[in-house]
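Trainee: Below is one structure. I have some questions about it.
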Amino acid sequence: MMPAIDSNSVLQQGRRQAKRLCAALGWPLVSYGWFLLVWLLAAKIVDNPVLLPDLITVVASLRQLIDDNSLSKDIMASLERVLIGFFLAVILAVPLALSMAYFATLRRLLLPIVTLLRPIPPIAWIPLAILWFGINNGSSFFITALAAFFPIFLNAFAGGLGVEPQYIHAARFMGAGKADLLLRVFLPAAFPQIWTGLKIGLGQSWMAVVTAELVAAQSGLGYMIQIHRINLDTGAVLVGMVTIGVLGSVMNFALVRIERIVLPWQANHPNKT
């Protein structure tokens, strides 16, 4: 016999889900709502679409950019640069950081150079990037990878240095070689901090790609913002800025969701917000 379905329990479960949904959406809606209200009031007071366009002007610019297909092309160009630069940073920073954490000689040799280069902002590298790669994707890849490299490297390096000595001794006792130690001890132990570095590095990549596209590219959202700024089309400038914010938030949300799969104990930590 099929078990009887308790209508009251189903109703209570539905109410709890509705409350959770309201709690999840309520504050973001309130936050966006008051921000939109302040913007509309400020645009009304300023009364100058070049200085601060209203919502209708921005929506009209958005529709025009969608109709002429330029927004989608610029989004794809920026996404390509962010993803390729971010990927290059990951494959360079993680192995180097773990190797430096494990090999003391390599650490003594390279750490002073990393310490010297780390404070230099990516924007300071743009003149050299243009000389080395020209005004094309090469410069943007370089700047984006550079911006993501140091957050990923520093977190991976700290994670590698934090590996408990007993894990290393136990692995050596069981016959693990240097490659096994790096891949099976250092990498898993440092992975939570590496993941933190990936999230920070992705945000840095977005900031860097816009900066690079402002001066060293012929396409992308940064280039789009620059062109419309010159034409005093502030509505299109705001469309580009909001698009960058939305894309960055979506990619960060994706990383958080993936974190719940690959690092469930960290994602569910009570101190996480």
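Trainee: Show me the chymotrypsin sites (Phe, Trp or Tyr not before Pro) within region 136-167 that DSSP assigns to loop and that have at most 13 other Cβ atoms within 10 Å of their Cβ.
Mentor: Here no loop site has a sparse enough neighbourhood.
Trainee: Something else about it: Taking 41 Å as R0, compute the FRET efficiency from the Cβ-Cβ separation of V38 and R172 and round it to 0.05.
Mentor: The pair V38/R172 has a calculated efficiency of 0.10.
Trainee: Once the whole set of protein chains is in place, how much accessible area is left on K19, using a 1.4 Å probe, in Å² to the nearest 10?
Mentor: Surface accessible to solvent at K19 totals approximately 150 Å².
Trainee: With all protein chains present, calculate the accessible area of M241 using a 1.4 Å probe and round the result to the nearest 10 Å².
Mentor: 100
Trainee: Okay, moving on. Treat every Asp and Glu Cβ in the chain as -1 and every Lys and Arg Cβ as +1, leave all other atoms uncharged, and give the resulting dipole magnitude about the Cα centre to the nearest 20 debye. Walk me through the intermediate numbers first.
Mentor: On the way: 19 positive and 12 negative charges, 190 e Å.
The calculation lands at about 920 debye.
Trainee: Given springs between every Cα pair under 10 Å in a Gaussian network model of the chain, which of A145, A156, A18 has the largest fluctuation?
Mentor: Fluctuation is largest for A18.
Trainee: Right, here's the next one. In what order, largest first, do H169, H228 sit by accessible area if the probe radius is 1.4 Å?
Mentor: Descending order: H169, H228.
Trainee: Still on this structure, I have one more. Suppose accessible area is computed on protein heavy atoms with a 1.4 Å probe; arrange R184, R16, R81 from highest to lowest.
Mentor: From most accessible down to least: R184, R16, R81.
Trainee: To the nearest 20 debye, what charge dipole does region 48-192 have about its Cα centre, counting +1 at the Cβ of each Lys and Arg and -1 at the Cβ of each Asp and Glu?
Mentor: With only Lys, Arg, Asp and Glu charged at Cβ, the dipole is about 680 debye.
Trainee: Right, another one. When the solvent-accessible surface of protein heavy atoms is calculated with a 1.4 angstrom probe, in what order do L116, L110, L202 fall, highest first?
Mentor: L116, L110, L202
Trainee: Given the C-alpha centroids of region 220-268 and region 101-115, what is the distance between them in whole angstrom?
Mentor: Cα centroid of region 220-268 versus Cα centroid of region 101-115: 35 Å apart.
Trainee: Nothing charged except the Cβ atoms of Lys and Arg (+1) and of Asp and Glu (-1): what's the magnitude of the dipole of region 153-273 about its Cα centre? Round to the nearest 20 debye.
Mentor: 300
Trainee: Across the Cα atoms of region 219-258, what radius of gyration and what greatest pairwise Cα-Cα distance (Dmax) are found, in Å?
Mentor: 12.6, 41
Trainee: Additional query: Determine the shape class of the chain: with a ≥ b ≥ c the square roots of the Cα gyration tensor eigenvalues, call it rounded for a/c under 1.5, and otherwise prolate if a/b is greater than b/c, oblate otherwise.
Mentor: In terms of gyration-tensor shape, oblate.
Trainee: Also, I was wondering about something else. Using θ = phi - 60° and the Karplus relation 6.51 cos²θ - 1.76 cosθ + 1.60, list the HN-Hα couplings for region 214-219 in order, rounded to whole Hz, with x at every Gly or Pro.
Mentor: 5, 10, 9, 7, 10, 7
Trainee: Just how much of E164 is accessible, in Å², when a 1.4 Å probe is used and the result is rounded to the nearest 10?
Mentor: Surface open to solvent at E164 totals about 80 Å².
The values are calculated or read from the model by the stated rules, or taken from the named source; none is laboratory data. This one's a predicted model, so the numbers in the text were calculated from it and none came from an experiment. Here Cβ is always computed from backbone atoms with ideal geometry, including for glycine, and neighbour counts include all displayed protein chains. Side chains included, ligands, DNA and RNA excluded: accessible areas come from the protein's heavy atoms. Shrake-Rupley method; radii C 1.70, N 1.55, O 1.52, S 1.80 Å.
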